[in-house]
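Each remark here refers to the structure printed beneath this line.
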């Protein structure tokens, strides 16, 4: 797997070491040093889709082992900040406590100022990068089996003392401090301090330090190799980074939810539309039945209204002497509409070609107007009994072609 490893400084103006490293091929793809954190954006193309690990100066991180009560639960872990309150300068509310490995009743804890942690994350963010892991730099040095391990990075010296302890600082003052530690170690253990030396630095305290020269490689390659074996991550709790995979999965989940809602809404719309159509169809069937009963009051029950209507129309279309009821009604349509009379009942004598009907008019003049208009069409109109009823005139007419 390929990854980008950057080693940030304590402040944005300090230099940044970086390497693109393939753990499978044990190969350096690219590496370099940036003048400051502002130049991190130049690594965006090199980062690509590779995971990014940032190493931070251990001088800004306090690594501690905390002894917990036997069978301690979550409550005991949440009380760790107060257990270390006397050992930490400043307000503990301004410190972030990240949990490391646990051995029996010993819990490893990394303490870092929240503002410092935010500064490192802001360096990464301003460059358009996403950091997956944040690790104190000394924890990326391979741990010595029976002593310390030392790595020189630029003008700084990184010292790993054990699984969860280390020193980091300027070489000019840390080398004397290393010699002091070695003398104390020899006085206590009556033997020289073994040191795995990953640099070309020479130790003056030959009697107190047993220096074992390790393969001389690029310092960032040594750190990148160590990162692969480091499971610890400062980015916990409120500082946990949402990975691009999680963000992508979330987007897919949102898309799936939206698609489900859209499908459900569509189904509901279709159901509502179908119910509306069924209601309209029922109303239309009722209107058709009502009109059929009005047109054929003596007709009995029927199964198929279309077939029944076609049968009735054929009967009505039968004519005598070349006359047809439908043809006559079609020719008289103008006379009906202009005189504003309305037929109440119709009877057609096919033999005589005569249409007998009872009509309703507004007045006598309307009946006379219908008679004139029908005669103008070539029909013979005979007027029967005429009565007044409710301010209307009801009369009988016989029309022959």
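The values are calculated or read from the model by the stated rules, or taken from the named source; none is laboratory data. Computed from a predicted model, the values in this text were never measured in an experiment. Note that we place each Cβ from the backbone using ideal geometry, even for glycine, and neighbour counts take in every protein chain shown.
The residue that is surrounded by the fewest Cβ atoms within 10 Å (Cβ to Cβ), counting only those in the stretch 21-37 that are modelled with pLDDT under 95 and within 35 Å of the chain's Cα centre (by Cα), is 24.
Kindly evaluate residue 177 against the criterion of being touching a strand residue (DSSP E or B) at 6+ places or on another chain (Cβ under 9 Å), surrounded by fewer than 18 Cβ atoms within 10 Å (Cβ to Cβ), in the same structural domain as residue 19 (by TED's automatic domain parsing) and at pLDDT 85 or above. Yes; evaluated as a whole, the condition is true for this residue. The single condition among (1) touching a strand residue (DSSP E or B) at 6+ places or on another chain (Cβ under 7 Å); (2) buried (at least 17 other Cβ atoms within 10 Å of the Cβ); (3) not in a strand (DSSP E or B) that residue 142 does not satisfy is (2).
Condition check ((1) assigned to a helix (DSSP H, G or I); (2) in contact with a helix residue (DSSP H, G or I) (Cβ under 9 Å, 6 or more places away or on another chain)) across all residues:
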site	(1), (2)
121	yes, yes
167	no, yes
181	yes, no
187	yes, no
204	no, yes
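Only one of the listed residues (327, 360) is closer than 27 Å to residue 385 by Cα and modelled with pLDDT of 90 or more. That residue is 360. Hey, any hits in the stretch 209-226 for a residue that's in contact (Cβ under 8 Å) with a residue 12 or more places away in the chain, over 22 Å from residue 58 (Cα atoms) and touching a helix residue (DSSP H, G or I) at 6+ places or on another chain (Cβ under 6 Å)? Within the stretch 209-226, one or more residues are in contact (Cβ under 8 Å) with a residue 12 or more places away in the chain, over 22 Å from residue 58 (Cα atoms) and touching a helix residue (DSSP H, G or I) at 6+ places or on another chain (Cβ under 6 Å). Among the residues making up the stretch 73-85, a single one is in a loop (DSSP other than H, G, I, E, B) and in contact (Cβ under 8 Å) with a residue 24 or more places away in the chain: 84. The residues in the stretch 123-139 that are within 31 Å of the chain's Cα centre (by Cα), in a helix (DSSP H, G or I) and in contact (Cβ under 8 Å) with a residue 60 or more places away in the chain can be counted, and the count is 3.
Among the residues of the stretch 187-195, are any exposed (fewer than 14 other Cβ atoms within 10 Å of the Cβ), within 28 Å of residue 31 (Cβ to Cβ) and at pLDDT below 95? So far as the stretch 187-195 goes, no, none of its residues is exposed (fewer than 14 other Cβ atoms within 10 Å of the Cβ), within 28 Å of residue 31 (Cβ to Cβ) and at pLDDT below 95.
The lone criterion from (1) over 17 Å from residue 200 (Cα atoms); (2) touching a strand residue (DSSP E or B) at 6+ places or on another chain (Cβ under 9 Å); (3) at pLDDT 95 or above left unmet by residue 158 is number (1).
Residue-wise test of (1) without any contact (Cβ under 8 Å) to a residue 60 or more places away in the chain; (2) in the same structural domain as residue 164 (by TED's automatic domain parsing); (3) assigned to a helix (DSSP H, G or I); (4) touching a helix residue (DSSP H, G or I) at 6+ places or on another chain (Cβ under 9 Å).
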site: 39; (1), (2), (3), (4): yes, yes, yes, no
site: 44; (1), (2), (3), (4): no, yes, yes, no
site: 55; (1), (2), (3), (4): no, yes, no, yes
site: 66; (1), (2), (3), (4): yes, yes, no, yes
site: 71; (1), (2), (3), (4): yes, yes, no, no
site: 90; (1), (2), (3), (4): yes, yes, no, no
site: 97; (1), (2), (3), (4): yes, yes, no, yes
